[in-house]
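*Asks:* The following block contains the structure, expressed as structure tokens.
The values are calculated or read from the model by the stated rules, or taken from the named source; none is laboratory data. All values reported here derive from a predicted model rather than from experimental measurement. Neighbour counts are summed over all protein chains in view; Cβ atoms, including those assigned to glycine, are modelled from backbone coordinates with ideal geometry. Heads up: the accessible areas ignore ligands, DNA and RNA and are worked out on the full protein's heavy atoms, side chains in. Shrake-Rupley method; radii C 1.70, N 1.55, O 1.52, S 1.80 Å.
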Amino acid sequence: MKLVRTVADLRADLAERSGRVGLVPTMGYLHEGHLSLLRRAREECDVVVMSLFVNPRQFGPNEDFEAYPRDEERDTRLAREAGVDVLFAPSIEEVYPDGFSTTIHVAGVSEGLCGAHRPGHFDGVATIVCKLFNMARPDVAYFGQKDAQQVAVIRRLVRDLDIPVEIAVCPTVREPDGLAMSSRNAYLSPEERQRALALSRALRAAEEVVASGERDGEAVLAAARAALGDLEPEYLELRSADDLSPVERVNGSTLLAVAAKVGRARLIDNVVLEAE
Ligand code: AMP
């Protein structure tokens, strides 16, 4: 595995390789969720590029950019073991040199849900992802369903700007007890980790009522809310899985998305409810 830190070195390295290039963007502190993306990229591509960059522009002023967990040595080892060919780990100055002035704003899908609670977050995401696409020029890029709104924003970005990349979405990887894997789970005390289970429990409760025939949105949300218990969500919402437009009934593929603060960790999770 080659470690590169500049765009020039990334381009020079990729120029020496041939075949289908897969990009897996990450902020590091790798867990099984990231590894599932890397494995799929390894299966489907000739060249696997992983980016490792904690992107300051997607964190709000009062968010956890400074505290975000980092362990480049471990990430490097795990990336090598997962068969990554090129690890791109640039500095902040490399990505945002003096004078950097451009922001990409994807309207519509970036509003509501996390967008309502994290002003500017999806502008930061769209801008870095667009830059990474231009830096690595991948044929395919891999993202996790765990960040469903991020996927919707990136799909819209790619369509709107005619970026020649295929977007592959991988299922959410969970701990055996249901907790969606996240680098931010590192913030949880043992007691908070138990409380955090309410998120996946709420999604499962919704799945169960839908499986037993319930289609009314309010009833499905009520089942999820009951399973959240005393955990107050930032949001708990049903949206069309395609374009994130609000829905009142579960029809076809419907996204149920939830976010909540547990201790200092802001956690998100979602499930796609399938109704015939
Ligand atoms: P992050 O490092 O948190 O920015 O995540 C990098 C990529 O891994 C994103 O595409 C995430 O959606 C994806 N990812 C994070 N957690 C999971 C998970 N539990 N299951 C599947 N993909 C995930």
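*Asks:* Over all directions, average the projected area of the Cα convex hull of the stretch 2-66 and note it in nm².
*Replies:* Result: 5.4 nm².
*Asks:* What do you get for Rg/Rh of the chain when both radii come from the Cα atoms and Rh is the Kirkwood radius?
*Replies:* 0.97
*Asks:* At what distance in nm do the modelled label points of residue 166 and residue 274 sit from each other, each positioned 7 Å from its Cα along Cα→Cβ?
*Replies:* 2.1 nm
*Asks:* Roughly how many nanometres apart are two label points built 7 Å out from the Cα toward the Cβ at residue 226 and residue 11?
*Replies:* According to this spin-label approximation, the distance is 5.9 nm.
*Asks:* Another question, if that's okay. Go ahead and collect, in residue order, the members of the stretch 114-149 whose backbone nitrogen is under 18 Å from a label point 7 Å along the Cα-Cβ direction of residue 1.
*Replies:* It comes to 142-143, nothing else.
*Asks:* Another question, then. Could you tell me which trypsin sites (Lys or Arg not before Pro) in the stretch 15-65 are loop residues by DSSP with no more than 13 other beta carbons within 10 angstrom of their beta carbon?
*Replies:* Sites meeting the loop and neighbour criteria: 17.
*Asks:* Take the Cα of residue 204, step 7 Å along the line toward its Cβ, and report every residue of the stretch 179-195 whose backbone nitrogen sits under 19 Å from that point.
*Replies:* Under cut-off, by backbone N: 179-182, 191-195.
*Asks:* Ok, one more. Rounded to the nearest 20 Debye, what is the dipole magnitude of the chain about its Cα centre when Lys and Arg each give +1 and Asp and Glu each give -1 at the C-beta?
*Replies:* My answer is approximately 360 debye.
*Asks:* Turning to a different aspect of this structure: To the nearest 20 debye, what charge dipole does the stretch 165-276 have about its Cα centre, counting +1 at the Cβ of each Lys and Arg and -1 at the Cβ of each Asp and Glu?
*Replies:* In total the dipole reaches around 480 debye.
*Asks:* Something else about it: Measure off, as a whole percent, the carbon and sulfur share of the 1.4 Å-probe accessible area of the chain, all protein chains present.
*Replies:* That fraction is 47 percent.
*Asks:* What is the extension gain from residue 177 to residue 137, computed as 0.36 nm multiplied by their sequence separation minus the C-alpha to C-alpha distance, in nm to one decimal?
*Replies:* Between residue 177 and residue 137, full extension yields 10.6 nm more.
*Asks:* Next up: If you count only protein heavy atoms with a 1.4 Å probe, what accessible area per residue comes out for the chain, rounded to a whole Å²?
*Replies:* 47 Å²
*Asks:* Here's something else I'd like to know. In deg cm²/dmol and to the nearest 500, what is the mean residue ellipticity at 222 nm of the chain if only DSSP H runs of at least 4 residues count, each as -39500 (n - 2.57), divided by the residue total?
*Replies:* The helix-only estimate for the chain comes to -11500 deg cm²/dmol at 222 nm.
*Asks:* Shifting gears a bit: Take the alpha carbon atoms of the stretch 137-276, find their radius of gyration, then divide it by 2.2 N^0.38 Å using N residues; give the quotient.
*Replies:* My calculation over the Cα atoms of the stretch 137-276 gives 1.10.
*Asks:* For residue 43 and residue 216, calculate 0.36 nm times their separation in residues minus their Cα-Cα distance, and state this gained length in nm to one decimal.
*Replies:* 58.2 nm
*Asks:* Among 47, 12, 262, which residue has its Cα positioned farthest towards the positive end of the charge dipole of the chain, with +1 placed on the Cβ of Lys and Arg, -1 on the Cβ of Asp and Glu, and the dipole taken about the Cα centre?
*Replies:* After comparing all options, I get 12.
*Asks:* Compute the distance from the alpha-carbon center of the stretch 199-266 to that of the stretch 104-139, in whole Å.
*Replies:* 24 Å
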